[in-house]
Amino acid sequence: MMLIMRDTTPCGICNRPLKHGDAITAFPSIVVNENDPLYQFNESAFHRECFESHPLAEEAMERIREWEAKTTPAHMCYLCGQRITNPDDHYIFPDTTRDHGSPFFEYNFAECHRECLRKWEMSPRILAHMKELRASGQWKGIGVDWAIADLEAILAARDAT
């Protein structure tokens, strides 16, 4: 979670402090791939004028709208449709592709119960896709490694039963 301390937190674009009274825009931590051009906005805050004049601002806002449309404050499981009430039972897929024609696009930002993922036949295929992206160099970063390791652990628990 991004904490903004007025007069201290720097704008992620111009590096000047975000002061009391400044209009600001904050970007949530939703981009795990350090190769993604939008990674520069990840979990950062900006003077609104700096953000709106940035060449990637509209694409960044589109990504936020997609994330907001696919996630809800109620955290509904993509697979079973039930509310995820235990944070330890929550997994959210990262944004794996920008290609709307990809079979993986619909899973971007999908929230799931870990138990549902263990039973879902697509989980191993999505994990393999994520590993391919990392191995090819298209994906990199600690967020990518975490997303893959977490899904591997979920599936290992399935295989152990």
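In region 6-32, what count of residues is obtained for those that are in a loop (DSSP other than H, G, I, E, B), out of contact with any helix residue (DSSP H, G or I) (no Cβ under 6 Å at 6 or more places or on another chain) and in contact (Cβ under 8 Å) with a residue 12 or more places away in the chain?
Within region 6-32, residues that are in a loop (DSSP other than H, G, I, E, B), out of contact with any helix residue (DSSP H, G or I) (no Cβ under 6 Å at 6 or more places or on another chain) and in contact (Cβ under 8 Å) with a residue 12 or more places away in the chain number 11.
Any idea which residue in region 1-21 is nearest to D145 (Cα to Cα), counting only those that are at pLDDT 95 or above and among the charged types (D, E, K, R)?
Step by step, filter region 1-21, then rank; the result is R16.
Within region 1-36, take every residue that is small (G, A, S) and more than 18 Å from the chain's Cα centre (by Cα) and give me the one that is nearest to P94 (Cα to Cα).
So, considering only residues that are small (G, A, S) and more than 18 Å from the chain's Cα centre (by Cα), the one nearest to P94 (Cα to Cα) is G12.
Please go through region 69-90 and pick out each residue that is out of contact with any His (no Cβ under 8 Å at 6 or more places or on another chain) and either at positive phi or surrounded by 13 or more Cβ atoms within 10 Å (Cβ to Cβ) (or both).
Of everything in region 69-90, those that are out of contact with any His (no Cβ under 8 Å at 6 or more places or on another chain) and either at positive phi or surrounded by 13 or more Cβ atoms within 10 Å (Cβ to Cβ) (or both) turn out to be K70, T71, M76, Y78, G81.
Is region 52-71 home to any residue that is in a strand (DSSP E or B), farther than 23 Å from K140 by Cβ and at pLDDT 95 or above?
no
Of (1) more than 20 Å from K70 (Cα to Cα); (2) out of contact with any Ser or Thr (no Cβ under 9 Å at 6 or more places or on another chain); (3) of a type outside the set (F, W, Y), I154 satisfies all except one. Which?
(2)
Just wondering, is there one or more residues in region 141-156 that are within 28 Å of L18 (Cβ to Cβ), buried (at least 17 other Cβ atoms within 10 Å of the Cβ) and within 13 Å of the chain's Cα centre (by Cα)?
Yes, region 141-156 contains a residue that is within 28 Å of L18 (Cβ to Cβ), buried (at least 17 other Cβ atoms within 10 Å of the Cβ) and within 13 Å of the chain's Cα centre (by Cα).
Could you please tell me which pairs satisfy a Cβ distance under 8 Å, a separation of 6+ or placement on different chains, a first residue in region 141-152 that is outside the structural domain of Y107 (by TED's automatic domain parsing), and a second residue that is part of a helix (DSSP H, G or I)?
none
Considering only residues of region 74-110 that are without any contact (Cβ under 8 Å) to a residue 60 or more places away in the chain and in a strand (DSSP E or B), which is farthest from I64 (Cα to Cα)?
R83
Considering only residues that are part of a helix (DSSP H, G or I) and either assigned by TED's automatic domain parsing to the domain that holds E66 or under 19 Å from G81 (Cβ atoms) (or both), which ones fall in region 111-125?
R114, E115, C116, L117, R118, K119, S123
The values are calculated or read from the model by the stated rules, or taken from the named source; none is laboratory data. These numbers come from a predicted model, not from an experiment. Counting neighbours? That spans all protein chains shown, and the Cβs are built from the backbone with ideal geometry, glycine included.
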